[in-house]
Amino acid sequence: MAVGPIFEREVLTAPRRLSHYMMRSGFVAALLILFYSIRQATIGFQDVLFASDVASFSALTFRVFALLQLTLSLFFATLFSASLVAQEKDRKTLILLLMTDLRNYELATGKLLASLLNVGVLLAVSWPVFCFLKLLGGVTWSQILWSQAIVLSATLAAGSWGCLVAFWREKTFQTLAISVLGVVLFVLVAEATGSALGGSFSAVSPYSGLFKVLSPLNADVPGVIHVSAWPCVLTLLAIAGFLSFWTVFRLRVWNPSKDVFVSVAEEKPAGDAEEKESKPVSGRQHRKVWNQAVIWREMRTRAYGRRMIWIKLAYVALALIIAAGSILRSSAGDQAGLVLGMVSAPAFSLLGVGILSLLLCNAQAVTSITNERDGRTLEILLVTDLRPWEFILGKIGGALWNAREMILLPLALIILMLSTGRIPGLTVENAIYLATTYLVLSIFAVTLGLHAGLSYENSRQAIAHSLGTMFFLCIGIFVFMLLLVEARSSFAIQLQSFILFIGFGSLGLYSSLTYRNPSNALTLASLVLPFLTFYAITEFLLGGNLGVSFWICLAYGFTSVAMMVPAMNDFDIALGRNAQEAG
């Protein structure tokens, strides 16, 4: 192939895996279940008498599917491209690829397209679903084609950015953090630029361009309405091309890094050696190691790179921009400013910062295990006198310490919103409930990362399953809240569709948590967590406070304990090894 043997190998080997077909069929099944849930939430068991009702339902479903497809594509394109190259660096196999006769463009483009192959397959299998919506009416072919063009170009841009960062940075956590923060920053800057300049610049952001395609009648353009997204598509393709070109141009400048080059002491003549031995040698002052060596290593060394401070500063600046922008655009108690009819703009910004923080905490935790595994130090720990609980609690404490800014900043924003009164109904009592719930979710994010890192031998799979589970939980809760708001008074009629939606989420969570180490506690957690989350959401929409915090803490706290217990009992159980293999 023109792009080189790396992509060719991925094309030939991907269909051999059962997960390839399970992922394709599971994605289509998820869309069909969501289709049924939206129908029950909007129409229910009523008889449809007019074609306009079916067309209106089809248009609503198309909007939800398109926005969901864009969000998932941006996230997983960034994640897959960054983790694929980071895994090569952690396993020291990228140096072997650099020693071959592969050209720079074959290496960079091959890795990019290989990482985006799964995302491209999912985009392809979703086409029949969108064509089916076209048969129901309310959607035109131009809307479908332009929406898919925006999603595809955004996927290429996000994947190119993740690939660039992965070739640039050395540590996996730095790669994931910079990639995620970069995508969020681009969307925010594009939205702000579009709002400030207007006109064609308002469609530079993928979300703004997609909204214009989904709702062409809202455009303030006189005359005949033409559905088009040329500015958005061309801009995203230009960004993808520039990022790929820069990656190819700088690939062998960045790689191998300076850490690979280890200076070898030159041999001195015998006379010089005797003279050197006669001189007193100044002793080197060594650092004092704590009794708990694991948490000392996590907190007192630069295990995750020398430039972590810049990532933390970028996160703080990005979070403050999100909070300040939402506060300026919405006033407290302004019901017209409610986002999707659920929460105010300041509350929605706080929610966004919290989700971003949870994802970064999860990435910190899972990479703390994958780095040990790829560096071949995890197995060495098994032959030491290190006790399992010391290792697990040390990793949890280290992850919480290294991601402390991601935990403290949302708590500071809660205090800021409480003192300024920007969020209606946020009292001191509710702020305590909110802070407690967020801390429990942070612990859940960290334990989930450790559990995935211990369960999956492949670092790429561990990162994908860990961050993917967190992301799907957030997206699933958000979509479910939309369905509940849409259902309104007909909630009892749509209960069976909600149960089906929750059951599918339980199945996905069960397959992720019990991949290698099934247990009764994890099975119970997989069944209970989605239902308790559903109850907490309904309680929130009904105006509850204590009940929401209690059930969320119970569900996610129990799941955290269920994931920690096998790992703290024995390393071999966590690593999926039996006694003979350990011996």
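The values are calculated or read from the model by the stated rules, or taken from the named source; none is laboratory data. Given the structure is predicted, the values throughout are model-derived calculations rather than measurements. Neighbour counts are summed over all protein chains in view; Cβ atoms, including those assigned to glycine, are modelled from backbone coordinates with ideal geometry.
Numbers at a glance
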| read-out | value |
| --- | --- |
| Ala464, sole failed condition from (1) under 28 Å from Phe550 (Cβ atoms); (2) within 19 Å of the chain's Cα centre (by Cα); (3) hydrophobic (A, V, I, L, M, F, W, C) | (1) |
| Some residue of the stretch 144-158 being at pLDDT below 90 and crowded, with 24+ Cβ neighbours inside 10 Å | no |
| Looking only at the stretch 515-559, and only at residues there that are in contact with a Phe, Trp or Tyr (Cβ under 8 Å, 6 or more places away or on another chain) and not in a helix (DSSP H, G or I), the one that is farthest from Phe472 (Cα to Cα) | Asn545 |
| Subset of the stretch 24-35 [surrounded by fewer than 15 Cβ atoms within 10 Å (Cβ to Cβ) and either modelled with pLDDT under 85 or among the polar types (S, T, N, Q) (or both)] | Ser25 |
| Residue in the stretch 63-72 that is at pLDDT below 90, surrounded by 15 or more Cβ atoms within 10 Å (Cβ to Cβ) and either in contact with a strand residue (DSSP E or B) (Cβ under 8 Å, 6 or more places away or on another chain) or of a type in the set (Gly, Ala, Ser) (or both) present | no |
| Answer residue from the stretch 195-207, given it is crowded, with 21+ Cβ neighbours inside 10 Å and in a helix (DSSP H, G or I) and is modelled with the lowest pLDDT among those | Ser202 |
| Identity of the residue in the stretch 456-470, among the polar types (S, T, N, Q) and in contact with a helix residue (DSSP H, G or I) (Cβ under 7 Å, 6 or more places away or on another chain), that ends up modelled with the lowest pLDDT | Ser459 |
| Residue match in the stretch 232-248 (condition: in the same structural domain as Ala363 (by TED's automatic domain parsing), at pLDDT 80 or above and under 18 Å from Gln174 (Cα atoms)) | no |
| Residue list for the stretch 159-177, restricted to those being hydrophobic (A, V, I, L, M, F, W, C) and surrounded by 24 or more Cβ atoms within 10 Å (Cβ to Cβ) | Trp161, Cys163, Leu164, Val165, Ala166, Phe167, Phe173, Leu176, Ala177 |
| Qualifying positions in the stretch 98-123 - aliphatic (A, V, I, L, M), in contact (Cβ under 8 Å) with a residue 60 or more places away in the chain, farther than 13 Å from Ala166 by Cβ and assigned to a helix (DSSP H, G or I) | Leu98, Leu113, Leu117, Val121, Leu122 |
